[in-house]
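So the structure is just underneath, and the comments pick up after that.
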Amino acid sequence: MKTDVMECKIGTQHSVIKSPEKLKEITINGECYEYKKYLVKKDTTSGYLQKLYGGGQKIYARYYILSTKSKLDFKKPKSYYLVQTKGEIPRKLNSANHLISKYFKSFLKEAKKFERNNQLDLNRPQDFKRLLAYLDHLSIDAVASR
């Protein structure tokens, strides 16, 4: 995570993916990671992003490890979220709640209730992904009932 490197295992051999731009998508235990260019604070960089949602806008989680002068804290990886609308590169979000209020504003009450009833922590990408799946289901049902 610290060096943004993916390894693969084929049979008994381990190998580092040295050209991630050629192998843009990797699935690990059912989770999709895409190697993409993205924007954080007006700076463009590239790296692996975990795809959380693929609706009208794609939503990703980016993982990183905090380091202090003395050590890296591998036990507590951190993450932030990015959103990609059509024709743009993914850009960092202020917060999960900001994304929900912007893209799912008609379902804010349902989102808060689902988050509370399921004891979700939106700072955890797996919990946020679960909420996004629920909101996507609600929006599909709303379109179908029109």
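The values are calculated or read from the model by the stated rules, or taken from the named source; none is laboratory data. What you see is a predicted model, and the numbers here were worked out from it, not measured in a lab. With ideal geometry, Cβ positions are generated from the backbone for all residues, glycine too; neighbour counts draw on all protein chains shown. Accessible surface areas use protein heavy atoms only, side chains included; no ligands, DNA or RNA. Shrake-Rupley method; radii C 1.70, N 1.55, O 1.52, S 1.80 Å.
Observations, loosely collected:
- Here the contact order of the chain, divided by its residue count and restricted to Cα pairs under 8 Å and six or more residues apart, works out to 15 percent.
- Test item: Cα-centred dipole of the chain, Lys/Arg +1 and Asp/Glu -1 on Cβ, debye: 460
- Counting Lys and Arg as +1 and Asp and Glu as -1 over every other residue whose Cβ lies under 14 Å from the Cβ of residue 115, the net charge comes to +4.
- Accessible surface, segment 78-146, averaged per residue in Å² (probe 1.4 Å): 64
- Entries of 24/92; 76/105; 24/129; 51/105 with Cα pairs more than 24 Å apart: 76/105
- Sorting the segments 29-39, 130-140, 9-19 by their residues' average number of neighbouring beta-carbon atoms within 10 angstrom, most packed first, yields 130-140, 29-39, 9-19.
- Rg followed by Dmax, in Å, when segment 1-135 is reduced to its Cα trace: 16.2, 50
- Each residue was assigned an accessible area with a 1.4 Å probe, and for residue 27 the value is about 90 Å².
- Expressed as a whole percent, the accessible area of the chain that falls on carbon and sulfur atoms is 50 (1.4 Å probe).
- With a 1.4 Å probe rolled over the protein heavy atoms of all chains, the accessible area of 124, 91, 62 falls in the order 124, 91, 62, largest first.
- Residues of segment 1-35 with an amide N closer than 17 Å to a point placed 7 Å from the Cα of residue 78 along the Cα-to-Cβ direction: 1-4.
- Under 17 Å from residue 22, Cα to Cα: lysines that are on another chain or at least 8 residues apart: 36, 37
- Pairwise label distance in nanometres, residue 12 with residue 138, each label 7 Å out on the Cα-Cβ vector: 5.3
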